[in-house]
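Heads up, the thing below is written out as structure tokens.
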Amino acid sequence: MARKRLHFVRSLARGLAVLQAFSAERPLMTLTELARATGMNLPATQRFTDTLVQLGYLKRDEHKRYYLGPKVVSLGLSFLDGSQLRKLAARQLHDFGRRHDKTVNLAVLDGHHIIFLYRHESQRFLKFDLQPGSKLPAHCTAQGKVLLAALPDSELRQRLEEMPLERFTSHTLTTPQAVWDDLMQTRQRGYAIADRELSLDLYSLGAPLLDARGRVIAAINLSLRAEETSPAYRDQMTRAFLDLGAEVSASLGYQGQYPRIPVAEAEEGLP
């Protein structure tokens, strides 16, 4: 523990927190909004934004609002292009999306958000454009629920206490206990359901991707239109979608029961 603390660079972590504050819902922010989002005071936020602007990681428009600069985009694309997971899963997701005329996505957990690695869009349910590299809140998305449910209990409780459980619709779960209860059901079920929690138009299914060691390494989701989806059709699409999750997991070397969301082992030093 002492060695970890000795080598931890707090100023670097705070600078990265400024960049991570931006998302698809918040692509533009003023200095005051950034300070509020990161929990830093205005002078500290100003120092970090000035530095990041000079380095090209942030830009500022004529209204003094900050947005992510080209260097951040370049770093993100380098990660996405080099992702073996994306390469292995993209073809199967693309074929499924085209065959069923549905939107499917691949994502990993990034703090309190999910970050998209791959997206095949047939229908759009949200007002903003989502692409690889875009983020959405984890607590109200089907993929986020899968990835949160796979965390050790101690880490999950800590994240739920720290997570801003923002309300997007009247169906959004906004208390740590309500989200915890839903995630326990997700674990038991082996896949996730987000019913009109992010958008009143959207009924979303999330399934885990498991590797050869049986670990959840990512999640996929299927987007259905809530008001047009009968229970029978949902059941049909759920079966097809879980078959997709099993196929992609098999291509990653997984040979066990599916669907399931095994809980990761707690890392040393975590409460």
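Which one of the conditions (1) part of a loop (DSSP other than H, G, I, E, B); (2) touching a helix residue (DSSP H, G or I) at 6+ places or on another chain (Cβ under 9 Å) does Glu265 fail to meet, given that it meets all the rest?
(2)
Taking only the stretch 173-218 into account, find how many residues are hydroxyl-bearing (Ser, Thr, Tyr), within 13 Å of Ala142 (Cβ to Cβ) and assigned to a loop (DSSP other than H, G, I, E, B).
The total comes to 2.
Restricting to the stretch 132-150, and then to whatever is in a loop (DSSP other than H, G, I, E, B) and under 24 Å from Thr38 (Cα atoms), can you tell me which residue is nearest to the chain's Cα centre (by Cα)?
In this case the residue turns out to be Ala138.
Condition check: within 21 Å of Pro27 (Cβ to Cβ), out of contact with any strand residue (DSSP E or B) (no Cβ under 6 Å at 6 or more places or on another chain) and either in the same structural domain as Leu109 (by TED's automatic domain parsing) or surrounded by fewer than 21 Cβ atoms within 10 Å (Cβ to Cβ) (or both). Does Pro164 satisfy that?
yes
Quickly run through the stretch 29-51 and pick out the residues that are surrounded by 14 or more Cβ atoms within 10 Å (Cβ to Cβ) and aliphatic (A, V, I, L, M).
Result: Met29, Leu31, Leu34, Ala35, Ala37, Met40, Ala44.
Criterion first (in a helix (DSSP H, G or I), under 29 Å from Ala207 (Cβ atoms), assigned by TED's automatic domain parsing to the domain that holds Lys135 and at pLDDT 85 or above) does Leu93 satisfy it?
When the stated conditions are applied, Leu93 passes them.
Condition first: over 17 Å from Ala89 (Cβ atoms), among the small types (Gly, Ala, Ser) and at pLDDT below 95. Can you find one or more residues in the stretch 186-196 that meet it?
No.
Restricting attention to the stretch 52-90, which residues are buried (at least 18 other Cβ atoms within 10 Å of the Cβ), modelled with pLDDT of 65 or more and hydroxyl-bearing (Ser, Thr, Tyr)?
The answer is Tyr57, Tyr66.
The values are calculated or read from the model by the stated rules, or taken from the named source; none is laboratory data. Since this is a predicted model, take the numbers as computed values, not measurements. So basically every Cβ, Gly included, is an ideal-geometry build from the backbone, and we count neighbours across all protein chains shown.
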